[in-house]
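Notes follow once the structure below has been shown.
The values are calculated or read from the model by the stated rules, or taken from the named source; none is laboratory data. As the structure is a prediction and not an experimental result, all values here were calculated from the model. Neighbour counts run over all protein chains shown; Cβ positions are idealised from the backbone, glycine included. Calculation scope for accessible area: heavy atoms of the full protein, side chains included, ligands and nucleic acids excluded. Shrake-Rupley method; radii C 1.70, N 1.55, O 1.52, S 1.80 Å.
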Amino acid sequence: MTPLMLRDVELGGVPGSAVVIRDGVIAEVGVGLEPTGNIDVIDGAGGALVPGLHDHHIHLHATAAERSSVRCGPPHVRTPDDLARVLRTAPGDSVRGVGYFESVAGELDSEALDRMHARRPVRVQHRSGALWVLNSAAAALAGLDAADHPGVERYGDGRPTGRVWRADTWLRDRLPPTAPPPLDAIGAQLAAYGITGLTDATPDLSPSSLAALVDAHGGGALPQRLHLLGAPAGFVSPSGTLSSGPYKIVLADSGLPDLDVLAETIRDVHAAGRAVAVHCVSREAFAILLAAFAEVGARPGDRIEHGALIPPESIDDLRRLGLRVVSQPGFLSDRGDSYLRDVDPRDRGDLYRCRSLLDGGVPLALSSDAPYGPLDPWAIIAAATTRTTESGAVLGHSEILDPSQALAGFLSAADDPGGNPRTIRIGQPGDVVLLHAPLADVLSAPSSSAVRTTVIGGRVVHG
């Protein structure tokens with residue numbers, strides 16, 4: 001690999017700096033460095049050079065699949081007639097819809113979908129990602145009548161409603177087979193945003209999904225470093241740029257676990273030498289989770305995914321236990337008006353806490369939760385610094401982060417979310433992002449348009 005120099009960059013507030021990357025590692029940092037020998041040079045023209053961003057919670061295959069799916073929720077689909085139209089006009093032998101929300105046509109079931117489109121198999125995913133709704137044709141293909149999966153919802157007389165909870169892999173295996181979607185377009189888009197690392201938060205990756213991620217990463221379609229929460233026990237990375245993270249546990253609000261069962265699960269994972277990453281979005285789930293950790297204790301690296309509703313009196317407990325939170329303030333700009341309409345006013349101040357967690361000594365990392373939340377990290381940074389909904393309302397003014405705090409939420413290492421932000425210094429991986437302007441100017445109005453060049457391991461992947 002030819003060495004790379006980025007010269008005339010702002011680094012840590014110092015203009016006129018230069019950075020040299022050799023063999024994928026930062027080799028020189030300083031002011032006044034000049035290129036020598038065979039070296040590629042990028043003139044930064046005074047723009048800031050920052051560490052590559054890391055999205056600490058994303059679902060890669062779901063994000064890729066969304067691109068070939070039908071949008072079934074706001075802002076483009078707002079009424080039952082809108083939904084019927086997009087299902088009817090969707091191409092293909094079957095229809096995969098995403099992003100549905102009850103404001104469009106209430107709680108869907110097979111009968112409701114049949115009235116909108118019964119000619120082809122249709123499955124529609126709720127925007128939370130927790131629920132699929134199948135019309136009768138799709139339910140027949142999946143064999144819901146005879147299914148014994150606990151997520152298959154049924155009417156009082158035993159007939160399936162067409163609503164299937166937390167059963168993505170199970171459902172995928174029962175429908176006509178499809179290969180995992182290609183990840184090259186997503187990899188390129190993420191590189192254009194300045195993202196050099198990803199934590200895939202999909203739980204219990206199937207062998208085919210795991211193999212597809214490994215292949216996409218190894219083949220270059222997904223150039224980012226990859227950290228997997230859904231990797232099985234004993235997973236061995238084929239490269240130093242792909243790693244296994246904490247074990248993902250989902251506390252599904254459609255069926256919250258028994259406290260003793262949850263505590264035993266965490267205890268078993270800890271005994272195997274692995275931390276846990278626990279999906280937790282409701283007040284009830286958070287109370288059960290905190291009680292489980294109080295019983296079994298926490299292990300370094302244990303993390304709470306989302307933490308959508310955290311009571312203020314629990315912040316000291318989180319700090320004392322050593323837990324960290326991986327949050328998605330992008331939901332405030334994306335869904336904030338729905339929260340104002342649907343969330344109990346007593347709970348709104350507890351939504352997606354940020355500033356109070358940092359002030360309380362709880363490590364905080366930011367992420368997208370794409371495809372369920374906005375993919376663009378700069379839009380998420382902007383949301384964290386304003387907490388403004390689409391209509392202009394502010395949700396939780398006291399939780400606003402300053403721009404540098406919001407950026408830092410994307411700069412911690414994959415295995416230390418919310419830890420100290422990574423820095424550009426000798427010996428660190430050559431994962432950097434060159435911006436079009438000094439950092440203060442960029443953070444005054446965060447936008448992905450500020451990203452000029454993205455480098456991973458000394459190789460330019462965007463720009």
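Some notes on this structure:
- Positive-end residue, the chain charge dipole about Cα centroid, Cβ charges, pick of ILE424, LEU108, GLY396: LEU108
- Under the convention that each Lys and Arg Cβ holds +1 and each Asp and Glu Cβ holds -1, the size of the dipole of the chain around its Cα centre is about 600 debye.
- Probe 1.4 Å, accessible area per residue of the range 1-78, Å²: 42 Å²
- Placing dummy labels 7 Å off each Cα toward the beta-carbon, the span from ASP23 to ALA146 is 6.1 nm.
- If R0 is 41 Å, the Cβ-Cβ spacing of SER447 and ALA211 corresponds to a FRET efficiency of close to 0.70.
- Take ARG67: with every protein chain present and a 1.4 Å probe, its accessible area is about 130 Å².
- Nearest-20 debye value, the range 361-453 charge dipole, Cβ charges on Lys, Arg, Asp, Glu: 220 debye
- With the charge dipole of the chain set up from +1 on Lys and Arg Cβ and -1 on Asp and Glu Cβ about the Cα centre, the Cα lying farthest toward the positive end among the listed residues ALA294, ALA382, ALA216 is that of ALA216.
- Pairwise FRET efficiency - VAL41 versus ALA118, Cβ, R0 = 51 Å, nearest 0.05: 0.25
- Compared with the dominant Cα axis of the chain, that is its longest principal axis, helix 330-342 is turned about 30°.
- Computed FRET value (nearest 0.05) for GLU295 with SER239, which takes r as the C-beta separation and R₀ as 35 Å: 0.40
- Residue-span extension gain [ASP82 to ASP204] - 0.36 nm each, minus C-alpha spacing: 40.4 nm
- Between the Cα long axis of helix 80-89 and the first principal axis of the chain there is an angle of about 80°, rounded to the nearest 10.
- Expressed to the nearest 5 percent, the antiparallel share of DSSP beta bridges inside the range 321-463 is 75 percent.
- Virtual paramagnetic centre 7 Å along Cα→Cβ of ALA272, amide N under 12 Å, in the range 196-226: 204-205
- Gain upon complete extension [ASP359, TYR155; 0.36 nm per residue less C-alpha separation]: 68.7 nm
- Beta bridges by DSSP in the range 274-352, antiparallel share as percent, to the nearest 5: 10 percent
- Only DSSP H runs of four or more residues enter the estimate; each adds -39500 (n - 2.57), and after division by the residues of the chain the mean residue ellipticity at 222 nm equals -8500 deg cm²/dmol.
- Additional length obtainable on full extension of the chain from ASP415 to GLN428, 0.36 nm per residue less Cα span: 3.2 nm
- Accessible surface for MET1 stands near 140 Å², nearest 10, in the context of the full protein assembly shown (1.4 Å probe).
- Signed unit charges on C-beta, dipole axis of the range 240-281, positive-most listed residue THR265, TYR247, HIS279: TYR247
- Alpha carbon centroid spacing (whole Å) that separates the range 63-91 from the range 443-463: 32 Å
- Folded to 0 to 90 degrees: helix 283-296 orientation relative to the chain principal axis, Cα: 70 degrees
- Peptides 74-86, 29-41 ordered by average Cβ neighbours within 10 Å, highest first: 74-86, 29-41
- Share, in percent, of DSSP beta bridges within the chain that are antiparallel, nearest 5: 45 percent
- Global form of the range 364-412, assessed from the alpha-carbon gyration tensor, a/c cut-off 1.5: oblate
- Charge dipole (debye, nearest 20) of the range 207-285; +1 at Cβ of Lys and Arg, -1 at Cβ of Asp and Glu: 360 debye
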